[in-house]
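Here the structure comes first, spelled out in structure tokens, and everything after it is commentary.
The values are calculated or read from the model by the stated rules, or taken from the named source; none is laboratory data. Computed from a predicted structure; not experimentally measured. Backbone-built Cβ (ideal geometry, glycine too); neighbour counts: all protein chains shown. Surface accessibility is based on the protein's heavy atoms, side chains included, excluding ligands, DNA and RNA. Shrake-Rupley method; radii C 1.70, N 1.55, O 1.52, S 1.80 Å.
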Amino acid sequence: MLELSILGFLAEEPLHGYELKERIKALSGHVRPVSDGALYPAITRLVAGGKLHQHTEPGSGAAPRRTLSLTEKGREDLLERLRHPKQAEITDQVRFNTLLAFLRHLPDRREQAAVLRRRQEFLETPASFFYRDGEPVRAEETGDLFRQGMLRVARATGEAERAWLTEAIDQLDEPS
């Protein structure tokens, strides 16, 4: 997820490390904050892999700033990650939102729709936060006010997401 965010934001424009961190934090920071201890090693791996280019510019203060940009190899990696997301990037809401944030970079509408169809199929599988005898517990079946709230909000969110996915897939399937 972190590398996808780095590649995705840098596909839009070159950024300084701090600016990149702030954009990643805005995308998912309240749920999964990014630390310097995770971000900068990921950047180093991507630079070493030839996926990012970095150069140093004078900073606004005394310290120089590293500017990062995407290489062609990095763009190819981004597109591959978007075409074939890992299952966790389909099933985990935060990871899926990260995928959605950059899916527009995938130029083929059919490939975009295929990713959305994977999420749609996942959402059609009955699930719950709670199970009884191996079966998902519905909001109406729990005697706990707070669990009922969790389940009702999740159901409403799921219904809204499924409706949007259907609309988006229909739009992507239309001839250009």
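Points to keep in mind about this one:
- Principal axes of the range 1-141: Cα extent on each, largest first, Å: 62, 32, 21
- Per-residue ellipticity at 222 nm from helix content only, as computed over the chain with -39500 (n - 2.57) for each DSSP H run of at least four residues, stands at -18500 deg cm²/dmol.
- Residues residue 170 and residue 147, FRET efficiency given R0 of 25 Å [Cβ-Cβ distance, rounded to 0.05]: 0.10
- The heavy atoms of residue 18 offer some 150 square angstrom of accessible surface to a 1.4 angstrom probe.
- About the Cα centre, charge dipole magnitude for the chain (Lys/Arg +1, Asp/Glu -1 at Cβ), debye: 500 debye
- Unit charges at the beta carbon, dipole of the chain: most positive-side option, 128, 9, 107: 9
- Sites residue 108 and residue 42 - FRET efficiency at Förster radius 25 Å, r taken between beta-carbons, to 0.05: 0.40
- 9 Å beta-carbon shell around residue 139, net charge (K/R +1, D/E -1): +2
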